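Nothing in this text is a laboratory measurement; each read-out follows from the coordinates by a stated rule. Since we're looking at a predicted model, the values are computed, not measured. Because the Cβ atoms are built from the backbone with ideal geometry, glycine has one as well, and the counts that use them run over all protein chains shown.
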Amino acid sequence: MNMFRMIVTIILAGILTNNYVLSKFLGICPFLGVSKKLDTAMGMSAAVIFVMVLSTAVTYPIQRFVLEALGLEYLQTIVFILIIAALVQLVEIVLKKYIPALHASLGVYLPLITTNCAVLGCAILVTEDYSSGAYGFGEGYVYALSCAFGSGVGFLVAMAIFAGVRKRMESCDIPETLKGLPITLVAASLVAMSFLGFAGVVHM
Amino acid sequence: MAKKTISMRRDSHEESAAVIEEAQAVEQTEAEAILSEAQAEPLPAAVKKPSAGSTFAGAMKRGVILENPVLRLVLGTCPTLATTTAASNAIGMGIAATLVLICSNTVISLLRNIIPDKVRIPAYITIIASFVSIVQMLVKAFAPALDESLGIYLPLIVVNCIILGRAEMYASKHAPALSALDGLAMGVGFTTALLCMGTIREVLGAGSLFGAKLPILSGQPILFFSLAPGGFFVFGMLIAAANKLSKKNNLPVRNGCGDCPAAATCSLSGKGGCK
């Protein structure tokens, strides 16, 4: 399969069959917390895509050229989380100084994403899926970045759908026990069920 | 005549704009009032008394029932949903997280006077990540089957909100022994909730319990519960049950930012919260 086809497959898989929120359960906290209104949901998703691609862009070469070259794979967790935390902090400072408009809309969500399962999960998963055993560095790097992008877009799609569902739920008559988080989770379960229908659509 | 209607329309426009502004201002002050009320709201007596928190039984009751991290504080939702497809995975995850929680709470509490305030979050993350790496290696060596089934969720303990939240809220303000006790209580609460969910999902979804096949259920398992949607559904039902029980016992149902452990570091807490 040539590279372009592989990239498209990876992105589609990230959105439909391996959706980070609805199949892999990564990034549930912002999914449940920030999805009440569509504009905050979109802001959060944009920030997540940005941080995911950026973190993968930095952690994947470090895994290949530093951790594996020196035989330090066991330090992966510590090194990755510290890089991600530092990176997000740096991005926030840079945005605040040079693009204040972007900082005003995205900057609020950046600290929430630092300790988010989705970003660290993506960084670790791409090093396993596109490991040095199976792919050369250039190829693996491109696939890793497209995987990060696809997963981020999948997060955005899930958030957008869920924000719509929650908006509709606001005008519904909900039993007292189920008000708040329980009915939200039941709604999420139905959205996840609909995504199950995509299983097998994309052959990885 | 036309001028009059235009000026009338303009007036009513201004009027409605003023009404909207007023409503927004009222909403704003109402929201602020609710927020400050929630923050000033006294905790129920059982949680507030320091002696209740510092005795073993009191701390365990707090961690497992009153402030269960999964069902009442709603933290650490990712591993709850992902690792509860089987009860044995749930226990394994719970024990690993408890170990990390106890160790990191103790160390952070020991270092609480030394870590400068500005770098406390990166410092906490480093300490927690070290313990997670240790637990990862232990699990890989002594329980490789558990490592296989937990997969990526074992290293993801490092970003588990429970651990960072307790470090921020409790360990940085209390003595090491109390922090270790709190870590144990929260960990046991986490494991209990995970075990509940794991049992339900395994019994209904695969018709077995800890791998042992059950008589009638294993013939017709309901696959829904083992898959992703089932996780959300069972979690929702468990939180509904927890809410119902806490209403019966007059415990506060958690709302707003005053209760969120991340409120100190969260930038949304000043703007009315992320909900």
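Under the criterion of Cα pairs below 8 Å and six or more residues apart, the relative contact order for the range A:1-133 equals 31 percent. Between A:ILE183, A:ILE49, A:ILE78, the residue with the greatest mean-square fluctuation in the GNM of chain A (Cα pairs under 10 Å linked by springs) is A:ILE78.
Checking the Cα-Cα distances for A:LYS179/B:LYS118; A:LYS36/B:LYS247; A:LYS24/A:LYS167 against a 32 Å cut-off, the pairs over it are A:LYS179/B:LYS118. For chain A, the Kirkwood radius over C-alpha pairs fed into Stokes-Einstein at 25 °C and 0.890 mPa s yields D = 137 µm² per second. Remark: B:MET237, A:MET6 ranked as A:MET6, B:MET237, counting other beta-carbon atoms within 10 Å and listing the fewest first.
Based on C-alpha pairs under 8 angstrom that are at least 6 apart in sequence, the range B:59-248 has a relative contact order of 37 percent. Which whole-angstrom value gives the distance between the alpha carbon centres of the range B:60-75 and the range B:111-162? Using only Cα atoms, the two centres lie 21 Å from each other.
Based on the alpha-carbon gyration tensor of the range B:118-264 and its eigenvalue square roots a ≥ b ≥ c, which shape applies: rounded if a/c is under 1.5, prolate if not and a/b is larger than b/c, or oblate?
The shape class here is oblate.
Among A:CYS122, A:CYS117, which comes first, second and so on when ranked by fewest other beta-carbon atoms within 10 Å?
The fewest-first ordering by Cβ neighbours comes to A:CYS117, A:CYS122.
Please go through the range B:53-128 and write out the trypsin sites (Lys or Arg not before Pro) that DSSP classes as loop and that have at most 12 other C-beta atoms within 10 Å.
Details: sites: B:LYS61, B:ARG62, B:ARG72, B:ARG112, B:LYS118, B:ARG120; in loops: B:ARG72, B:ARG112, B:LYS118.
Answer in residue order: B:LYS118.
Ordering A:MET3, A:MET52, B:MET169 by the number of other Cβ atoms within 10 Å of each residue's own Cβ, fewest first, gives A:MET3, B:MET169, A:MET52.
In a reduced charge model with +1 at each Lys and Arg Cβ and -1 at each Asp and Glu Cβ, chain A shows a dipole moment near 460 debye about its Cα centre.
In order along the range B:151-163, phi translates into HN-Hα couplings of x, 7, 6, 5, x, 6, 4, 5, 9, 5, 4, 4, 5 Hz, rounded to whole numbers, per the Karplus curve 6.51 cos²θ - 1.76 cosθ + 1.60 with θ = phi - 60° and x for Gly and Pro.
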